[in-house]
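Please read the structure below before turning to the comments.
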Amino acid sequence: MPLEAPIAFLFQADILAMLQSGGPAEAVVLIFLFCFSIYSWTVIFSKWHTLRGARRSNARFLRAFRKAAGMEAVMVASEQFRPSPLVAVFDFGYEEVERQVKGHGGLHNRMALERTLQIGVSEELAKLERNMNWLATTASVTPFIGLLGTVLGIIRAFIDLSAQGSTSLRTVGPGIGLALVATAVGLFAAIPAAIAYNYFSHGIREIGARMDDFALEFLNLAERNFGEHR
């Protein structure tokens with residue numbers, strides 16, 4: 001069957017008539033699928049905007065960080081790159097450096113600074129991964145919900161067929177059509193969610209690796225500026 005055939009069917013089918021001819025269970029399944037799809041697309045667009053902004057602001061802040069003469073200059077410049085996850089990691093590290101410098105006159109505990117930077121990286125990764133579990137759930141669950149709607153629709157169609165004593169396709173067509181639409185809607189919700197989950201997971205891992213590298217650069221700068229001279 002050509003690809004245009006099922007697509008044409010979906011556009012020509014009277015979905016409202018199918019819903020009216022179907023039972024409440026099939027309607028509830030379709031409503032659930034539409035809710036999953038709408039919210040997952042909301043998450044997709046929001047996450048795409050967030051990661052795109054994070055990459056841009058990270059690149060700009062990293063250039064400013066590498067050009068800065070010292071830690072205080074980076075702190076002043078960081079205000080204009082505030083959405084950047086690297087700025088948040090820098091804030092964690094800078095606060096720890098300030099505590100050590102005020103208390104001991106220099107950087108005396110490298111391990112404490114490393115742990116503080118890692119906490120900053122972990123918190124930023126947790127923010128970036130927010131709602132990713134929803135995409136994973138949508139990708140794995142909605143095909144089965146659609147299949148459930150298909151099974152319920154076919155069962156209902158055969159019950160109606162036996163009750164009316166007719167073998168006409170016109171009699172069972174709307175019920176079977178609604179059942180197939182449930183499967184299509186389930187796949188429509190699952191496929192974009194699965195693609196987006198894999199794409200965003202790769203992007204988040206990439207940003208996480210960049211934050212780990214930045215933590216090492218921060219340690220080097222902190223030791224150059226505030227390391228204890230022996």
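The values are calculated or read from the model by the stated rules, or taken from the named source; none is laboratory data. Small disclaimer: the values here were computed from a predicted structure and weren't measured. Here the Cβ is made from the backbone with ideal geometry for all residues, glycine too, and neighbour counts use every protein chain on show. Note: areas computed on protein heavy atoms with side chains; ligands, DNA, RNA excluded. Shrake-Rupley method; radii C 1.70, N 1.55, O 1.52, S 1.80 Å.
Sorting L86, L187 by solvent-accessible area of protein heavy atoms yields L187, L86, largest first, with a 1.4 Å probe. Our coupling estimate for segment 82-93, obtained by passing each phi through the Karplus curve with A = 6.51, B = -1.76, C = 1.60 and θ = phi - 60°, is 4, x, 5, x, 5, 5, 5, 5, 4, 4, 4, x Hz, Gly and Pro reported as x. Electrostatic tally near V87: other residues with Cβ closer than 11 Å to its Cβ, Lys and Arg +1, Asp and Glu -1, net -1. Report note on the peptides 100-113, 135-148: ranked by the mean count of other C-beta atoms within 10 Å, highest first, their order is 135-148, 100-113.
Over all other residues within a Cβ to Cβ distance under 14 Å of R66, the charged ones net out to +3, with Lys and Arg as +1 and Asp and Glu as -1. A simple count of charges around R130, restricted to other residues whose Cβ falls under 13 Å of its Cβ and scoring Lys, Arg +1 and Asp, Glu -1, yields -1.
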